[in-house]
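Trainee: Quick one: this structure, given as structure tokens, is what I'll be asking you about.
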Amino acid sequence: METVGLGFCYEDLPVGRRFRTIGRTVTEADITNFVSVTGMLEVLFINSDFREKESNIPGFAAPGALVYTFMEGLLTQSTMQHTGFAFLDMELKVMGPTFAGDTIHCEVEVIESRRSKSRPNRGLVRTRNKVFKQTGEQVLEYTPLRMIKARTTDTEPGEA
């Protein structure tokens, strides 16, 4: 019997493949719980008086780390179940604020895909992940490199 909900394998992710996640609305409870559990007790996130009187950011902003982890959660659920083995590297840019009430999603493009030389049953895949709000504004971009399962141990064309 087929198991549904399994993630992509290396062979499913050639350079140029693109897809997007579903949306996720960020709530005040999400922000409060995230900053509490991580210890990110910055006044911007925990003090409404400070936000109203001293901050240049109008509204209850979410930490960029929360936005990134929400996207990782959506991607894990939809693309990496039973196939993701390691998160190896990334660059991250926060490009704008995300507020309580914003609905965010991720648009993904595969920008690097190669078989692991030391583990031929694995692939190394880097994606460019762009996070957008419901307004169309891009708020975050990151480029994770992951080790993922391959269906075969075939060598790439031109490899010995």
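Trainee: Only residues that are surrounded by fewer than 20 Cβ atoms within 10 Å (Cβ to Cβ) and under 12 Å from the mean Cα position of the chain (by Cα): list them for the stretch 133-143, please.
Mentor: Start the filter on the stretch 133-143 by keeping residues that are surrounded by fewer than 20 Cβ atoms within 10 Å (Cβ to Cβ), which leaves 134-138, 141, 143.
The answer is Glu141, Thr143.
Trainee: Taking Gly16 as the residue in question, decide whether it is surrounded by fewer than 12 Cβ atoms within 10 Å (Cβ to Cβ), under 30 Å from Glu112 (Cβ atoms) and within 18 Å of the chain's Cα centre (by Cα).
Mentor: On the way: surrounded by fewer than 12 Cβ atoms within 10 Å (Cβ to Cβ): yes; under 30 Å from Glu112 (Cβ atoms): yes; within 18 Å of the chain's Cα centre (by Cα): yes.
Answer is yes for this residue.
Trainee: For Val94, all conditions in the list (1) surrounded by 19 or more Cβ atoms within 10 Å (Cβ to Cβ); (2) more than 30 Å from Asp154 (Cα to Cα); (3) of a type in the set (Val, Ile, Thr) hold save one; what is the number of the exception?
Mentor: Here Val94 meets the rest and fails (1).
Trainee: Being more than 14 Å from Phe99 (Cα to Cα), in contact (Cβ under 8 Å) with a residue 24 or more places away in the chain and part of a loop (DSSP other than H, G, I, E, B), is that true of even one residue in the stretch 35-55?
Mentor: Yes, some residue in the stretch 35-55 is more than 14 Å from Phe99 (Cα to Cα), in contact (Cβ under 8 Å) with a residue 24 or more places away in the chain and part of a loop (DSSP other than H, G, I, E, B).
The rows are residues; the columns are (1) farther than 18 Å from Cys106 by Cβ; (2) among the aromatic types (Phe, Trp, Tyr); (3) surrounded by fewer than 10 Cβ atoms within 10 Å (Cβ to Cβ).
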site	(1), (2), (3)
Val4	yes, no, yes
Glu11	yes, no, no
Thr25	no, no, no
Glu28	yes, no, no
Thr32	yes, no, no
Thr38	yes, no, no
Asp49	yes, no, yes
Lys53	yes, no, yes
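Trainee: Taking into account only those residues within the stretch 56-79 that are modelled with pLDDT under 95 and closer than 17 Å to Glu28 by Cα, which is surrounded by the most Cβ atoms within 10 Å (Cβ to Cβ)?
Mentor: Ala61
Trainee: Hey, can you tell me all the residues within the stretch 1-34 that are in a loop (DSSP other than H, G, I, E, B) and charged (D, E, K, R)? Steps first, please.
Mentor: Taking the stretch 1-34 and keeping what is in a loop (DSSP other than H, G, I, E, B), we get 1-9, 13-17, 21-23, 26-27.
Passing the criteria: Glu2, Arg17.
Trainee: So Val67 clears everything in (1) assigned to a helix (DSSP H, G or I); (2) closer than 18 Å to Val110 by Cβ except one condition, right? Which one?
Mentor: (2)
Trainee: Only one residue in Gly101, Gly59, Gly96 is in contact with a Ser or Thr (Cβ under 8 Å, 6 or more places away or on another chain), over 30 Å from Tyr10 (Cα atoms) and either outside any helix (DSSP H, G or I) or free of Cβ contacts under 8 Å to residues at least 40 places away in the same chain (or both). Which one?
Mentor: Details: Gly59 fails: in contact with a Ser or Thr (Cβ under 8 Å, 6 or more places away or on another chain); Gly96 fails: in contact with a Ser or Thr (Cβ under 8 Å, 6 or more places away or on another chain).
After ruling out the rest, the residue left standing is Gly101.
The values are calculated or read from the model by the stated rules, or taken from the named source; none is laboratory data. Remember, predicted model here, so these are calculated numbers, not experimental data. Glycine gets a Cβ as well: all are built from the backbone with ideal geometry, and neighbour counts include every protein chain shown.
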